[in-house]
1. Return the distance in nm (one decimal) between the two label points of a simple spin-label model at Ser156 and Lys29, each offset 7 Å from Cα along Cα→Cβ.
2. Relative contact order for the range 23-174: what is it in percent, counting Cα pairs under 8 Å that are at least 6 residues apart?
3. Could you tell me the center-to-center distance, by alpha carbons, between the range 42-69 and the range 160-193 in angstrom?
4. By per-residue mean of other Cβ atoms within 10 Å, what is the highest-first order of 164-177, 44-57?
5. Which whole number of Å³ per residue matches the convex hull of the alpha-carbon atoms in the range 64-193?
6. Suppose every K and R has +1 on its Cβ and every D and E has -1 on its Cβ; what is the size of the dipole of the range 21-130 about the Cα centre, in Debye to the nearest 20?
7. Given only helices, namely DSSP H runs of n ≥ 4 each adding -39500 (n - 2.57), what is the per-residue ellipticity at 222 nm of the chain, to the nearest 500 deg cm²/dmol?
8. Given the peptides 186-193, 98-105, 125-132, arrange them by the average over their residues of other C-beta atoms within 10 Å, most packed first.
Amino acid sequence: MSLCENKVIIFSAPSGAGKSTIVRHLLEKFPYLEFSVSATSRKPRGSEKNGTDYYFFTKEEFEQKIKKGEFVEYEEVYAGSYYGTLHSEVERIWNKGNIILFDIDVKGGINIKRLYGGHALAIFIQPPSIEALRERLVTRGTDSPEAIEKRVAKASEELGFAGCFDRIIVNDNLESAFREAEEAVESFHMKKL
Ligand code: ADP
Ligand code: 5GP
């Protein structure tokens, strides 16, 4: 891929909508996609590995990097926890000729879309309802009841931004959501910029 064809695909959604499940599926299916590993100041969860799931930094280290202008974008997604995309990560993936796949919060997704314009495909994963979202977070079992309520409260606001994305995929039946996402990725991959 030549430099002028650098592409990015963004997946954003309220937490629990199924974005990571869909992103994982796409990464297995399409070898030309590469996951953008974000930086975060939150602590690793479960079996998460530094450099694979996130680049883990302390809050102070993260703030130093903000000062030095090392981020393409960053957000304090939850109070006290920063998340962001490093310039070095974007360059690393484009240098290999791959399409960057972002799993990123709604505001971050909109910022990346604004930055890359026609080089970006922005997809919003919508849950069938807020109740379904809460149930999925409970079933996933990775967050405390307080963290779940924080995520659900934020979801109502985030759903209001769905219209800023190029496409909305409702993740009710997972298999149908997979097919829709695959089609969107393939047609964007083939598209001449
Ligand atoms: P996100 O990355 O958006 O926070 P996840 O991909 O972790 O969400 O999904 C949240 C939970 O919901 C996981 O336990 C996942 O297996 C489950 N899930 C994903 N899609 C569906 C679906 N269509 N129906 C039911 N459960 C789902
Ligand atoms: P989690 O703590 O569940 O891994 O992620 C919390 C939220 O932060 C998710 O919505 C996730 O998509 C988002 N996120 C992950 N990386 C980034 C990033 O680089 N920038 C922004 N703005 N959000 C991110």
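1. 3.4 nm
2. Answer for the range 23-174 is 21 percent.
3. Between the Cα centres of the range 42-69 and the range 160-193 lies a distance of 29 Å.
4. Details: 164-177: 15.4, 44-57: 12.5.
So the order, starting with the most tightly packed, is 164-177, 44-57.
5. Cα-based convex hull of the range 64-193, divided per residue, equals 136 Å³.
6. 80 debye
7. Taking each H run of at least 4 residues, the total per residue is -13500 deg cm²/dmol.
8. Packing proxy ranking, top to bottom: 98-105, 125-132, 186-193.
Readers should treat all values here as calculations from the given coordinates under stated rules, not as data from a laboratory. Values in this document were obtained by computation on a predicted structure and should not be read as measured data. Ideal geometry is used to build each Cβ from the backbone, glycine not excepted, and the neighbour counts take in all protein chains shown.
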